[in-house]
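First comes the structure, then the notes that go with it.
The values are calculated or read from the model by the stated rules, or taken from the named source; none is laboratory data. Fair warning: this is a prediction, and the values are worked out from it, not measured in the lab. Cβ placement follows ideal geometry from the backbone for every residue including glycine, while neighbour counts extend to all protein chains displayed. Please note that ligands, DNA and RNA were not included when accessible areas were found on the heavy atoms of the full protein model with its side chains. Shrake-Rupley method; radii C 1.70, N 1.55, O 1.52, S 1.80 Å.
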Amino acid sequence: MDDPRTGYYQDVESNYHSLSHADPMASMATRCDLNNEVFLHACLLPSLCIIALLSFFERRQKIFSFEDRFPYLRGRFGVVVPLDFTGSLRNRWSYAFAIGAAAPQMISLFSGEIVPIKVPKWLITLVYLLAAFEVALANLPFFTCLSTTHRAVGGAVGLLYTLVWLIVAVWKARCVHELCDESHFLGNVMCYQWLTWWPHFLCLGFLLLQFGSMLAKDVHNRLKKDATQVEEDEVVQSHQYRYVQTLLRRPPIRSLEKSWFQRNVYDWDPYFKFPNRMIATTIISLIGLYLLISSEQVLTSLVIRFINSLFQRPSIWTEHLDYATNTWYVTTALAVLSSAAHVGHVLVCYRKHIKRLWAGKRSFLPEKYHTANPAVSVAAFLRYPGCQIAFTLWGYVMVHLALFVFGMVFVHLVVIPIRKQGFFTWLIDVTIFLANFFIVLALLKLQVLLVRFFFLQDKLSPQDKQKPLALNHRKAFHNFNYFFFFYNVILGLGSCVLRLMSSVFVSLLLVSRIHRTIMPKGFELLDKVPAL
């Protein structure tokens, strides 16, 4: 007697073969199944080996007694410093591109794609901390190979490590390109995946050239028997020395005339250089904005195409979808300009504040920070880059959504009425609205004029600029106050709406600028950014 389970197994096997033949993306995805998390796990052991190698070449000042038994290891295995964020100016752009190479993993941390272990939900914060440490350890060779004083070893090891990352990135890009299929939603997304990858390739390519240059220069110096190396980080930087010289010189009688760009956009200062911390924060903020905007636009275009495919004939829904689509793209451009301007404005404010501190001016700081707690200040120094990057990305999202809402309001109040009713009909409605608005302003001004000329007493002296705060015609004033009390309630409602809208708009624009508070005076302490 046949086993009834035999038919079930045959049916499952036939379904499996039919699905694998029907969907070639599934088989291709199986061959290209190498996500960021698996690759990071594979990079941990090579990263530890590279750190151990560079630590072996690093000399320690403190020598322990037990090391006398191992003369060759005496003083070795020193502490390797990946990068100096306290004010170093050495390899500023190289460090910035190294952080840019780690940008995809940082974005994966934001989205929660990297989960090293499975734990209960109440321990998820510790998992994020562990994931951040894993990303930092996997990318640590990029920074240590740049910062080591042994340029030949750092250049050779960094060149090989970067080359492996670049090969894996190109292989993944090739696999994703093979998955491109416009008949599938996922395959359609894969067709645009290259838009988010070229910054990663650019950063890896720059590091590859930098490590190759380090290796070639060191070999050239050794062949010339000139191994001396001039470090950029001296006690007194050259630009700071020239800045002090300008302070000691007599100021010129006529100052140089600045161009329109220098007066209104940006004025380059040859006596100031941004440290590694600010350069890296700016680069990763711009790369993060680019990745976020590219992913947003790809998904938006695919969703819009999918919705349009549902409506075969033009209808009122397709008309509103066209309005929303055009508004979305216009507000995207405005939000991009706003976010990019804010990133540059942060650098301008940083330079301005640092130069004020150099001059001993602390008036722009809150009073409690004139004598700040050293421990709190150093901890805030550690948290600032991450908070600035996160606030920049969230600021773009919030500004974009707010502009989209305002844009749709503009479309329904201006564009749609003009197209349906005509321009002159809309102009008449606007004229009626503006007439009432100016009447309201006139009534507000009338109250001020009546109080000034009729309800205030005369000046005590002809030399006084204003009348004294003393009422005249009190009975008439009480009647005037009574009747205008009910009208002012209506004005108060409109004023409340305008105040709320303006406050929301300004607060959203200032989200990414964490050096300014979005709270009103007296409530600044409620706006405690973790980095400040």
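Of note:
- Of all residues making up the range 243-283, the number that are basic (Lys, Arg) and at pLDDT below 70: 2
- Selection of first residues in the range 455-478 that are on the phi > 0 side of the Ramachandran plot and of second residues that are open to solvent by 50 Å² or more (accessible area, probe 1.4 Å), restricted to Cβ pairs under 7 Å at least 6 apart or on distinct chains, gives the following pairs, ordered by first then second residue: 473/454.
- Of the residues contained in the range 355-362, none is found to be part of a helix (DSSP H, G or I), in contact (Cβ under 8 Å) with a residue 60 or more places away in the chain and not basic (Lys, Arg).
- Boolean, residue 363 is open to solvent by 30 Å² or more (accessible area, probe 1.4 Å), within 19 Å of residue 516 (Cα to Cα) and of a type in the set (S, T, N, Q): yes
- When the range 296-314 is limited to residues that are open to solvent by 50 Å² or more (accessible area, probe 1.4 Å) and part of a helix (DSSP H, G or I), the one that is nearest to residue 198 (Cα to Cα) turns out to be 299.
- Single residue of 425, 327 found to be surrounded by 14 or more Cβ atoms within 10 Å (Cβ to Cβ) and not aromatic (Phe, Trp, Tyr): 327
- Flag for residue 290 being at pLDDT below 80 and aromatic (Phe, Trp, Tyr): no
- Verdict on residue 317 being in a helix (DSSP H, G or I) and modelled with pLDDT of 85 or more: no
- Residue tally, condition touching a residue at least 24 places away in the same chain (Cβ under 8 Å) and within 30 Å of residue 354 (Cβ to Cβ), over the range 488-515: 7
One line per residue, one yes/no per condition, for (1) in contact with a Lys or Arg (Cβ under 7 Å, 6 or more places away or on another chain); (2) within 29 Å of residue 405 (Cα to Cα); (3) part of a helix (DSSP H, G or I):
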{"position": "441", "(1), (2), (3)": "no, yes, yes"}
{"position": "447", "(1), (2), (3)": "no, no, yes"}
{"position": "467", "(1), (2), (3)": "yes, no, no"}
{"position": "477", "(1), (2), (3)": "no, no, yes"}
{"position": "488", "(1), (2), (3)": "no, no, yes"}
{"position": "492", "(1), (2), (3)": "no, yes, yes"}
{"position": "500", "(1), (2), (3)": "no, yes, yes"}
{"position": "503", "(1), (2), (3)": "no, yes, yes"}
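- Check on residue 407, within 30 Å of residue 330 (Cα to Cα) and either within 41 Å of the chain's Cα centre (by Cα) or in contact (Cβ under 8 Å) with a residue 12 or more places away in the chain (or both): yes
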